Amino acid sequence: QVQLVESGGGLVQAGGSLRLSCSVSGPPFSMINMGWFRQAPGKEREFAAFISYSGEYTDYADSVEGRFTISRDNGKRTVYLEMNSLKPEDTAVYYCNVNPVQLSDSTWRPGTFWGQGTQVTVSA
């Protein structure tokens with residue numbers, strides 16, 4: 001019922017930019033919060049960015065604050081992650097997620113549904 005499809009990943013040099021997209025099928029998109037998580041090789045999946053159902057509120061991990069921008073187009077049922085000033089440590093598979101929950105200032109619990117992920121590789 002719930003389908004998430006990420007796209008837009010690729011290989012870029014440090015300092016470059018990418019724009020990821022996540023299309024959402026199934027739920028009423030305008031009524032669900034969305035988030036982006038990422039998982040680097042050999043590491044646990046970690047929170048990157050959050051956007052409320054209306055787009056009014058956003059939140060970012062400290063590691064991406066000021067460089068990444070999350071947005072959404074409810075008409076297109078799509079959430080975006082614009083990534084600027086990319087660093088090699090941003091290299092990861094990026095996943096979108098439905099209704100993540102903030103447990104503390106810096107701790108997020110992801111929702112049940114994930115996309116397949118899109119690979120972002122940043123070379124030095």
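Here residue 53 sits with roughly 120 square angstrom of accessible surface, probe radius 1.4 Å.
List the trypsin sites (Lys or Arg not before Pro) within the stretch 34-85 that DSSP assigns to loop and that have no more than 13 neighbouring Cβ atoms inside 10 Å. Could the numbers behind the result be given before it?
Working: sites: 38, 43, 45, 67, 72, 76, 77; in loops: 43, 45, 67, 76, 77.
Answer by residue number: 43, 76.
Around the amide H of residue 72, modelled in the peptide plane, lie the amide H atoms of 80, all under 5 Å away and 5 or more residues distant in sequence or on another chain.
Taking DSSP loops as anything outside H, G, I, E and B, show the longest stretch in the chain free of GluC sites (Glu not before Pro) there with at most 12 other beta carbons within 10 Å.
Result for the longest clean stretch: 66-124.
I'd like the carbon and sulfur percentage of the solvent accessible area for the chain, probe radius 1.4 Å, heavy atoms only, ligands and nucleic acids excluded.
Working: 3030 of 6410 Å².
That share works out to 47 percent.
Charged side chains reduced to their Cβ positions (Lys and Arg at +1, Asp and Glu at -1) give the chain a dipole of some 320 debye around its Cα centre.
Here's the picture: charge each Lys and Arg Cβ at +1 and each Asp and Glu Cβ at -1 in the stretch 70-116, and of 104, 92, 71 the one pushed furthest to the positive end of that dipole is 71.
Can you give the local net charge around residue 19? Use residues other than it whose beta-carbon is closer than 12 angstrom to its beta-carbon, Lys and Arg +1, Asp and Glu -1.
Details: positive: none; negative: 6, 82.
Around residue 19, the charge tally is -2.
Between residue 44 and residue 25, what is 0.36 nm times their sequence separation minus the Cα-Cα distance? Round to one decimal in nm. Numbers along the way, then the final one.
On the way: separation 19, 0.36 × 19 = 6.84 nm, distance 2.66 nm.
Here the segment from residue 44 to residue 25 would lengthen by 4.2 nm.
Bridge orientation summary for the chain: considering DSSP beta bridges with both residues in this region, about 90 percent are antiparallel. Surface analysis of the chain yields an accessible area of 52 Å² per residue, using protein heavy atoms and a 1.4 Å probe.
The values are calculated or read from the model by the stated rules, or taken from the named source; none is laboratory data. This is a predicted model, so every value here is computed, not measured. Don't worry about glycine lacking a Cβ; one is built from the backbone with ideal geometry, like all the others, and counts go over all protein chains shown. The accessibility values were calculated without ligands, DNA or RNA, using every heavy atom of the protein model including side chains. Shrake-Rupley method; radii C 1.70, N 1.55, O 1.52, S 1.80 Å.
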